[in-house]
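The values are calculated or read from the model by the stated rules, or taken from the named source; none is laboratory data. Everything numeric here is computed off the predicted structure, so don't read it as measured data. All Cβ positions, even for glycine, are placed from backbone atoms using ideal geometry, and neighbour counts span all protein chains on display. Side chains included, ligands, DNA and RNA excluded: accessible areas come from the protein's heavy atoms. Shrake-Rupley method; radii C 1.70, N 1.55, O 1.52, S 1.80 Å.
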Amino acid sequence: MRTATPPPVAPTGDHHDLAIALFAVIVLVTLAITLWVGRQGSAAEDFYAGGRDFTPLQNGFALSGDYLSAASFLGVAGLIALYGYDGVLYSIGFLVAWLVVLMLVAELVRNAGRYTLADVLALRLRRRKVRAAAGGASVVVTLFYLVAQMVGAGSLVALLLGTNSSGARTWTIVAVGGLMIIYVTVGGMRATTWIQIVKAVLLVAGSVLLTVLLMVRFHGDVAELMRQAAQHSGAGQRYLEPGLKYGKSFTSRLDFFSLGLALVLGTAGLPHILSRFYTVPTARAARRSTMWAIGLVGGFYLMAIALGLGATALVGSAEVRHANPAGNTAVPLLALVLGGGNGSTGGVVLFALISAIAFATILAVVAGLTLASSAAFAHDIWAGAWRGRPRRRSHGRRAAVPASRRARAARARGEVTEREEVGVARAAAVGIGAVAIALSLFAQQMNVAFLVGLAFAVAASSNLPVLLYSLFWRRFTPRGAVWSVYGGLVPAVLLVAFSPVVSGSKAALFPGVDFHWFPLENPGIVSIPLGFLAGWLGTITSPEPADPDRYAELEVRSLTGAGAA
């Protein structure tokens, strides 16, 4: 028999003061970490790679912190609360992606690169245009990801303040953008890593607490939890079956396959994930970091599934959708119910605590993304492509030579100095932050997990093909690299621009117009094969053959670590 729909649980003014106080504590703690760590080193290796002295456990927590974003904590649970089985499939795609990272890229990227993805390519494809293409693609990917996180922050704070006004979300997005600029410009990778570690501990602990309370509420009966979720979903048994969101037509099923492909392949091409492997001293440490991350991410997504079901069972899909049409506030609303409901002390405390953890999640991830994009601009585009004379590798002798002497020697050779490059990276963080803020203001009503899916599609289309070709294909040429990057990046962005995401639907960026002609919301099924195809065509039509000696150098370094930074 169908039970009554759960009563509305939208937070009242009693929640605001405590939650805002906890938000302030999170901001002050992260700023203190940034200021403390920012004084410990100003060299390029400290800014980009945190000195390369983090342990595998520390980096594993930082990796999971970078990966478990607002899309995971807010978006995935929200999709499960609204669409049941189809939302669960999001979490599966996010988790399976780590197997690709572990098996194909973790150790090899750590050995072959220095700070960015373009460093791996430049080891055998020493062309300015290769660096420019890889750096530009990294900036685009991180911008997509940044928009998702900042939209999540706007939704969260709007719920906290008890308003659906666009003004509250707008000022939240601006504030988060300002904080992320401070984190990166002052603290660099070292501060960002410690913020990620603190955030990962808080996120896992908060998820464990909510999951335990949820299981206690249902006496450990998962079947009853699922039955209650189906009853309060508004869809009945269809909530527990595939097709509620993606099974209505052949186009929607194809869209889901495209999304799954992007999620599974996209992680290995995310710039802020790849840069994490440079913060540990060896390739073995990079692999162990990935194994720690898989364990943490896997455990979290199991809890996210339970929390999404719990939000539907105890809050109701209608109330979740009323609070935020995309479902981004399902977890805080669930925390309010589990703590005792509206007006209860426990509900106020738990709601405020979970909201603060979600806010910390957003702050940490946007810091990592901004650092990755500013590094790509300064190290790859400005120093490597525009100036064309990046610094030479020191092979461990940096500590023996004073910084002033290294800078004078670099200037004499016409190379970019560390101080110049880090200065440009800090300036780039300000510019990229401003662009991300502007874009986020147009996407405030979109689900953050869906927005992240777009970022994964662009990463899998532009970064992954060129990375795999460079590491494993002996005949790969500079033309193939450039074609591969642009052959995946340009179609992915264009297809998104002319898809229902931008126009032609109520949830689009511009709902009042319709100029879409591409029927799918996620372009991965088209743009990912195009990226691989373009790389192959560029290579076989290249007038310049591949350099076998440079490929041999890359192969030896990537597999053994000989000569690695």
Practice task
Filter the range 314-326 for residues that are among the aliphatic types (A, V, I, L, M) and surrounded by 19 or more Cβ atoms within 10 Å (Cβ to Cβ) and give the result.
Solution key: Leu314, Val315, Val320, Ala323, Ala326
Practice task
Might you check whether a residue that is open to solvent by 10 Å² or more (accessible area, probe 1.4 Å), outside any helix (DSSP H, G or I), in contact (Cβ under 8 Å) with a residue 60 or more places away in the chain and not β-branched (Val, Ile, Thr) occurs anywhere in the range 175-186?
Solution key: no
Problem - Flag for Phe277 being touching a residue at least 12 places away in the same chain (Cβ under 8 Å), in a helix (DSSP H, G or I) and closer than 27 Å to Asp119 by Cβ - result: yes
Fill in the blank from the handout: Being surrounded by fewer than 24 Cβ atoms within 10 Å (Cβ to Cβ), small (Gly, Ala, Ser) and either touching a residue at least 60 places away in the same chain (Cβ under 8 Å) or touching a Gly at 6+ places or on another chain (Cβ under 6 Å) (or both) narrows Gly51, Gly87 down to just Gly51
Exercise for the section: Name every residue in the range 114-138 that is in a loop (DSSP other than H, G, I, E, B) and farther than 17 Å from Phe476 by Cβ, in order of residue number. Expected result: Arg114, Tyr115, Thr116
Fill in the blank from the handout: Out of (1) modelled with pLDDT under 85; (2) over 18 Å from the mean Cα position of the chain (by Cα); (3) surrounded by fewer than 22 Cβ atoms within 10 Å (Cβ to Cβ); (4) not hydroxyl-bearing (Ser, Thr, Tyr), the one Leu102 does not meet is (2)
Exercise for the section: Sort out for me the helices (runs of 4 or more DSSP H) sitting completely within the range 461-565 that have 1 or more residues that are out of contact with any helix residue (DSSP H, G or I) (no Cβ under 9 Å at 6 or more places or on another chain) and buried (at least 23 other Cβ atoms within 10 Å of the Cβ). Expected result: none
Practice task
Consider Phe61 carefully, then state whether it is open to solvent by 10 Å² or more (accessible area, probe 1.4 Å) and either in contact with a Phe, Trp or Tyr (Cβ under 6 Å, 6 or more places away or on another chain) or over 27 Å from Tyr551 (Cβ atoms) (or both).
Solution key: yes
Practice task
Could you list all residues from the range 100-112 that are in contact (Cβ under 8 Å) with a residue 60 or more places away in the chain and among the aliphatic types (A, V, I, L, M)?
Solution key: Val100, Val101, Leu102, Leu104, Val105, Ala106, Leu108, Val109, Ala112
Exercise for the section: Answer yes or no as to whether Phe218 is touching a Leu at 6+ places or on another chain (Cβ under 7 Å) and modelled with pLDDT of 90 or more. Expected result: yes
Practice task
Return the residue satisfying two criteria in turn: it lies in the range 266-313 and is of a type in the set (Val, Ile, Thr) and open to solvent by less than 10 Å² (accessible area, probe 1.4 Å), and of such residues it is farthest from Pro465 (Cα to Cα).
Solution key: Thr312
Handout entry: Counted residues, the range 339-378 - those being polar (S, T, N, Q), modelled with pLDDT under 85 and in a helix (DSSP H, G or I)
Key = 3
